[in-house]
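Read the structure below first, then the notes.
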Amino acid sequence: MEILHVAAECFPMAKAGGLGDVVGALPKYQRRLGPIAKVVVPMYRTEFLYQQQWELVHEGSQYLGPQFFHYSVIKEKNNRLGFDLYLIDINGLLDREKIYGYPDDTERFLAFQTAVCDWVNAWQHLPDLIHCHDHHTGLIPFLLQYGFDFKTRLASIPSVFTVHNAQYSGAFGWEQKHLLPACDLSHWALLDWHHQINPLATALKTAWRITTVSPGYLQELRTSAAGLESLFDHEKEKSVGILNGIDTEIWDPAHDPYLLFHYTVQTVASGKQKNKEELCRRFGLDPDRPLICFIGRMVAEKAADLLAASMAACVAQHPGKVSFLVLGSGERDIEQQLDLLAAPLQDAVGIYIGYQEALSHLMYAGADFMLMPSRVEPCGLNQLYSLRFGTIPIVRAVGGLKDTVTDMGEQNGFGIRFEQASVQDIKAAVSRAVSLYYEQPGHLQQFREQVMQIDHSWEHAAKEYIQLYNSIQ
Ligand code: ADP
């Protein structure tokens, strides 16, 4: 079986969040189970691009509205990722430093999707299945069936669409319909949602199967999906939630190349302390206090807007007894709130605004607790990485967090859960963490050892995806 994954991100070529981690790992684990899984993403100007060797495998041209564009497809030569990675290069459109955030993102991802369909159409042996990820690839299942240039050969290829995040749909106005490649617009209703062309909605309507990145998220989407609730409900028969795994080879405290101090379950106490000391030294924090970290996009979805007030409240409640470290970037006003807080509380709060893969690994290793107060969390990888590094998650019980973290008050529980995304609930959860740290260090140590042994590797999920593929072959 040959599967082509199509996405906007694939770690380490391009990552803005969990999507990149999943697309960089799942195909590797699928290959180990037999199927040939390949990945295609846009050719951005990232470090990885310049560090690897590439060969040209295809060239073609298509239209974006009236504009004729030329694209080329290059392939990574040395199988660095454990699967074939292809990049689509479209001069002036995709070859930028950032993945998203440009005013012409609609045009960029439309051209990408058109080029992918055009390229696949030129394959001698077609893939057995196309697996699309998130709205940047959401029009592909439609184009395979109704694109005039593609449908003759491609309409019978099954498609799977995975929803990593339904907060973003990629919607654009019908006045831009000319940007679509020539297609049968008598099926316009498949593209439409609330009088716009909505790639996420189109994928939900036209993909052969839909998956979400946790079972809990699939349930929630029927009642809370940024306006697509009724569609998720309508398509429930072809939908399934498959919990993400983690790449245990990359996220491994015993071998992580980003860490100076490695550790295992047997050495977690001393290993974590050394990483914590390194982290606290960098940010001027006291390594003898409990260290609570947050890593993520500074957006309302992650409840990052509550961080500043929550940290201030917690530090006031436990003066000299708790430290926080925050890594992330996103909305300017949230970043500014955090910067303003950090100055007067600098002995208790460290802030790094930006994206830094290396620092994130040190934080998973050096933190005692990882805070995730998310309002929405499709799966959440931070809590899974935390568990692997013996870091206790403090999470709001939502989406994938609810599926993966049990409360230490329950039998065999290991984390700290709370119900509301509010300063009050965060404060109460942090107080539990602080008491555990000072009053029950033996229990804390037991939890660390327990969580490090939980198996969240990709093997299981990779099998579930393959079963799903087999069911539609
Ligand atoms: P998202 O909704 O952002 O995809 P996930 O929990 O699924 O959230 O995945 C987040 C991933 O992005 C994790 O690998 C996390 O460590 C990483 N990450 C998020 N923000 C940053 C940052 N500022 N620097 C480094 N890594 C980050």
Mean Cα-pair separation over length for the chain, i.e. relative contact order, pairs under 8 Å, 6 or more apart, %
12 percent
Note on the range 262-408: contact order normalised by length, alpha-carbon pairs under 8 Å, 6 or more apart, percent, works out to 26 percent
Backbone HN-Hα couplings from phi across the range 27-38 [Karplus 6.51/-1.76/1.60, Hz, Gly and Pro as x]:
x, 5, 6, 5, 4, 5, 8, x, x, 8, 10, 10
Where Rh is the Kirkwood radius over Cα pairs, Rg/Rh for the range 324-473:
1.01
Selected from ALA37, TYR71, HIS58, residue furthest toward positive end of dipole (the range 30-107; charges at beta carbon):
ALA37
Looking only at the range 268-452, where both bridge partners belong to it, what percent of the DSSP beta bridges are antiparallel (to the nearest 5)?
0 percent
Given charges at Cβ of Lys, Arg, Asp, Glu: the chain dipole, positive-most of TYR352, MET370, HIS262:
HIS262
Over all directions, how big on average is the projection of the convex hull of the alpha-carbon atoms in the range 257-391, in square nanometres?
7.6 nm²
I'm checking a number: the convex hull volume of the Cα atoms of the range 207-307, normalised per residue, in Å³. What is it?
169 Å³
Please figure out what share of the DSSP beta bridges in the chain is antiparallel and state it in percent, rounded to the nearest 5.
30 percent
In the range 393-473, the GluC sites (Glu not before Pro) that sit in a DSSP loop and have at most 13 other Cβ atoms within 10 Å of their own Cβ are GLU410, GLU419
Dipole in debye (nearest 20) - the chain, about Cα centre, beta carbon charges: Lys, Arg +1; Asp, Glu -1
440 debye
Binning at 5 angstrom from zero up to the longest distance, how are the C-alpha pair distances of the range 35-174 distributed in percent?
2, 9, 19, 23, 23, 16, 7, 1, 0
Residue-ordered couplings for the range 394-409, obtained by feeding phi - 60° into the Karplus form 6.51 cos²θ - 1.76 cosθ + 1.60 and rounding to whole Hz (Gly and Pro as x), are 10, 10, 7, 6, 8, x, x, 5, 5, 6, 10, 10, 9, 7, 5, x
Need one number: the % of Cα-Cα pairs in the chain sitting beyond the 32 Å mark.
40 percent
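Any read-out appearing in this document is the output of simple, stated calculations on the displayed coordinates, not a laboratory observation. Owing to the predicted nature of the structure, the values given are computational and were not obtained by experimental measurement. A quick note on method: Cβ atoms are made from the backbone with ideal geometry, for glycine too, and the neighbour counts reach across all protein chains shown.
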